[in-house]
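Here the structure comes first, spelled out in C-alpha cells, and everything after it is commentary.
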Amino acid sequence: MTEKIKLTFLGTSDSVPSASRNHPAVLLTYKGENILIDCGEGTQRQFRKAGLNPCRLTRILITHWHADHILGIPGLLKTLGLSSYNKKLFVYGPKGTKFLMGSLLKLFGIREDYPIETKEVSGRFFETDDFYLEAGTMSHGIQCNAYSFIKKAQIRIDKEKLKKLKIPKGPHLKGLKKGRDIIYKGKKYSAKRLTYKEPEKKISFVLDTSFNNRVVPFVKGSDVLVCESSYIHELENLAKRHHHLTASQAAEIAKKAKVKKLFLIHISQRFSKKMKGVLEEARNIFKETYLPKDLDTLSA
Ligand SMILES: [Zn+2]
Ligand SMILES: [Zn+2]
C-alpha cells in the first residue's frame, strides 16, 4: 500500500489569533516523520486538540523568526523534556536561526534533556531514500524560508496484474522494483509489465513573503501549496508595505506554478466575516483553492 502524506492544519491565523484560528503551524506526517512547519503560540495545545502526540515530532522547520511563527517553541520543547522525549530533535531555519535558537533556549532555561540540532538551511537540506526537503529564500523584510517536502517517484509492483497472472507474493518478486525481470514457474515476466511508476509528490509551504520572482519556481508543480494570504486585493499596497501576499497573489502563484491545490492560511481576523470573499477572490484566479480551518486535515 502506498503510504500517504498527511497534513494537519494546527493553526491558520496571522499574527493575531481569533477564537477559532490559532497562530500558524502545520504538521506534515509521513511514515515515521512528523515535521512541524512553524510553531506559533499555543501549538502544543493544538496537538492535543487534534489528538496528536507532540512526542512523535521529528523536525521543526521555521520559516522566519517573527513572533507569530515561533512563540510556541519554548513551551513545546519544555513539554517534550517533561514527556521523556528521547530522540534527537532537528530544528531548521533561515540564516540567524542558530543564534536565535541558542538565545531562546537560554532565555527560557531549557535544559537539553534530549539533543537538539539546529541548522541554517537553503536548497536541498535533508534526504532519505524516500523523500527530501528543500528551502527557498523568500522576501519578508527579515531572513525567511519557504519549504518543500518532496516524496520521490517510486516504482511499485502492480498487485492487480500479479493477481490476474496468478503470481503469488514471495521472494521470486525480488528485483522487480529495481527493474529486473523475474522467472516464475519457468516463465519470464518483464519488470516493466509488472510494475508502474508512482510520480513524485510535492508539498510546499510559503509562509510570509511579499510577491517575488523566486516563489513560483520554488513551488513549481506542487501537488499541494500551503500559502499565506494575509490581505485581499483591495489592500495590495498594505500587503506590499508589510511584505505579505494577497489572496489574489497567492492564487496567481498557484496558477503560474501549475500546482494542483492551493490552501490559504495566515488569515487575518479582519476578514473573519468575509471569508467567502477571500476564497472567491482566489478562486476567480485559481479554482482549486481552499480555506482550511484549524485542525482540518488532508491526505496527499
Ligand atoms: Zn506571520
Ligand atoms: Zn512574518
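The values are calculated or read from the model by the stated rules, or taken from the named source; none is laboratory data. No experiment lies behind these values; they were computed from the predicted model shown. Reconstructed Cβ throughout: ideal geometry from the backbone, glycine too, with neighbour counts over all protein chains shown. Just the protein is used for accessible areas: all its heavy atoms, side chains included, with ligands, DNA and RNA removed. Shrake-Rupley method; radii C 1.70, N 1.55, O 1.52, S 1.80 Å.
The table below gives the values:
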{"quantity": "Which numbered condition GLY96 fails, given (1) within 16 Å of ligand 2 (Cβ to nearest atom); (2) open to solvent by 50 Å² or more (accessible area, probe 1.4 Å)", "calculated": "(2)"}
{"quantity": "Subset of the range 186-210 (residues that are within 16 Å of ligand 1 (Cβ to nearest atom) and either farther than 21 Å from CYS39 by Cα or open to solvent by less than 10 Å² (accessible area, probe 1.4 Å) (or both))", "calculated": "PHE205, VAL206, LEU207, ASP208, THR209"}
{"quantity": "Matching option when the condition is in contact with a Phe, Trp or Tyr (Cβ under 7 Å, 6 or more places away or on another chain) and either open to solvent by 20 Å² or more (accessible area, probe 1.4 Å) or modelled with pLDDT of 95 or more (or both), among ALA153, ALA146", "calculated": "ALA146"}
{"quantity": "Qualifying residue in the range 178-185 (condition: exposed (fewer than 13 other Cβ atoms within 10 Å of the Cβ), more than 26 Å from TYR30 (Cα to Cα) and not hydrophobic (A, V, I, L, M, F, W, C))", "calculated": "yes"}
{"quantity": "The range 251-300: number of residues that are part of a strand (DSSP E or B), open to solvent by 10 Å² or more (accessible area, probe 1.4 Å) and modelled with pLDDT under 95", "calculated": "0"}
{"quantity": "Boolean, THR246 is in contact with a Cys (Cβ under 8 Å, 6 or more places away or on another chain), surrounded by 21 or more Cβ atoms within 10 Å (Cβ to Cβ), more than 24 Å from TYR30 (Cβ to Cβ) and modelled with pLDDT of 90 or more", "calculated": "no"}
{"quantity": "The lone exception for ILE183 - which of (1) over 18 Å from ALA254 (Cα atoms); (2) touching a residue at least 24 places away in the same chain (Cβ under 8 Å); (3) assigned to a strand (DSSP E or B) it fails", "calculated": "(2)"}
{"quantity": "Tally of residues being within 12 Å of the chain's Cα centre (by Cα) and open to solvent by 30 Å² or more (accessible area, probe 1.4 Å) across the range 17-43", "calculated": "1"}
{"quantity": "ILE73 touching a strand residue (DSSP E or B) at 6+ places or on another chain (Cβ under 9 Å), open to solvent by less than 10 Å² (accessible area, probe 1.4 Å) and within 16 Å of ligand 2 (Cβ to nearest atom)", "calculated": "yes"}
